1. Criterion first (in a helix (DSSP H, G or I), within 30 Å of residue 204 (Cα to Cα) and without any contact (Cβ under 8 Å) to a residue 40 or more places away in the chain) does residue 105 satisfy it?
2. Among the residues of segment 92-115, is any in contact with a strand residue (DSSP E or B) (Cβ under 9 Å, 6 or more places away or on another chain) and either farther than 25 Å from residue 212 by Cα or open to solvent by less than 40 Å² (accessible area, probe 1.4 Å) (or both)?
3. In segment 112-198, which helices (runs of 4 or more DSSP H) lie fully inside it and hold 1 or more residues that are over 27 Å from residue 93 (Cα atoms)?
4. List, please: which pairs have Cβ atoms under 6 Å, are six or more places apart or on different chains, and start with a residue in segment 252-273 that is over 12 Å from residue 46 (Cα atoms) and end with one that is open to solvent by 50 Å² or more (accessible area, probe 1.4 Å) and modelled with pLDDT of 80 or more?
5. Consider segment 146-187. How many of its residues are over 21 Å from residue 232 (Cα atoms), open to solvent by 60 Å² or more (accessible area, probe 1.4 Å) and over 21 Å from the mean Cα position of the chain (by Cα)?
6. Tell me, which residue of segment 188-209 that is in contact with a helix residue (DSSP H, G or I) (Cβ under 6 Å, 6 or more places away or on another chain) and closer than 23 Å to residue 103 by Cβ is surrounded by the most Cβ atoms within 10 Å (Cβ to Cβ)?
7. Restricting to segment 52-81, count the residues that are open to solvent by less than 80 Å² (accessible area, probe 1.4 Å), free of Cβ contacts under 8 Å to residues at least 24 places away in the same chain and among the charged types (D, E, K, R).
8. Tell me the residue from 18, 33 that is open to solvent by 90 Å² or more (accessible area, probe 1.4 Å), at pLDDT below 80 and in a helix (DSSP H, G or I), please.
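The values are calculated or read from the model by the stated rules, or taken from the named source; none is laboratory data. In this text, all values refer to a predicted model and were calculated from it rather than measured experimentally. So basically every Cβ, Gly included, is an ideal-geometry build from the backbone, and we count neighbours across all protein chains shown. Areas reflect the complete protein model, heavy atoms only, side chains present, ligands, DNA and RNA absent. Shrake-Rupley method; radii C 1.70, N 1.55, O 1.52, S 1.80 Å.
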Amino acid sequence: MAAAEPAGRPERSLVSRLASGAAGGVMRIFLILIALLWVTPTVGLLASSFRDPTDIADSGWWTVFSKPAQLTTESYSTLLGKEEITDSLLNTIWITVPATALVIVIGAMAAYAFAWMDFKGRDWWFLVVVALLVVPVQVALIPLSALFGDLGIYGSITGVVLFHVGFGLPFAIFLLRNFFAEIPRELLEAARLDGAGELRLFTTVILPLGAPAIASLGIFQFLWVWNDMLVALVFSGADSKPLTVALTEQTRQFSGNIETLAPGAFISMVIPLAVFFAFQRQFVSGVMAGAVK
């Protein structure tokens, strides 16, 4: 008897193929519309930042497409010519970079300890870390203000950084611990057989394998600290205020001061976008790895 040929996929009818293509086309159009709606405020902000205050008051930002002569860099020159704006931009960098780096370093080391090291009360301490995730920032504003005042760091960049590190560590430890725990045990055992200690194991095995999760954490922490205004309003002083606070102070009474706020807001937005796109591949890898695990 001749061997029966394996049945292939049933051929789809013309109507079925047309319906599937139409559904895919509708979905693409829907996603494009959502993307356009999402991007429109950013485009409007960018256009407004390059317009003269009189043009902003007379017409909407969309008129730049019909009247490109409205575009000017005068608002940026005026904004960057103010010393308080440039100083606040530097303060934002001095706050964001250490707060992000410390959370990554301390969080990664603690996550490795919770995932692969045995010590007394490990599970209970991890439950404490998880419980700290639900503590709102507002609860700690007054107690930590008093504590930082006693320590002499209230109103300084150090106080703002320490606050962000303290509230960023629980999420960092929780995220990285769950990622590190899924690393195959055989890799760690093989490294230990080769004579690797805990420090070498952490730097040569855990960190390279956990790079996607670490990159995702870094992006989240960077964006949170860079865009923060509540903590900066409470803990920063006149010489340590970040860009978010400085832009708020630029508003006039009974006026939005859009000619200052538009370029300032766009400058504040460009740097986080650049960081996100620079680490986009690692961010997507970390999210996908977390979903699979």
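1. So residue 105 fits the description; yes.
2. Here is the first cut: in segment 92-115, the ones in contact with a strand residue (DSSP E or B) (Cβ under 9 Å, 6 or more places away or on another chain) are 95.
Still in the list and also either farther than 25 Å from residue 212 by Cα or open to solvent by less than 40 Å² (accessible area, probe 1.4 Å) (or both): 95.
Yes, segment 92-115 contains at least one residue that is in contact with a strand residue (DSSP E or B) (Cβ under 9 Å, 6 or more places away or on another chain) and either farther than 25 Å from residue 212 by Cα or open to solvent by less than 40 Å² (accessible area, probe 1.4 Å) (or both).
3. 122-131, 157-180, 185-193
4. 272/223
5. 5
6. First pass over segment 188-209, keeping only residues in contact with a helix residue (DSSP H, G or I) (Cβ under 6 Å, 6 or more places away or on another chain): 191, 201-202, 205-206.
Now narrow it down to the ones that are closer than 23 Å to residue 103 by Cβ: 201-202, 205-206.
Numbers: 201: 18, 202: 19, 205: 19, 206: 25.
Among them, the one singled out is 206.
7. 1
8. 18
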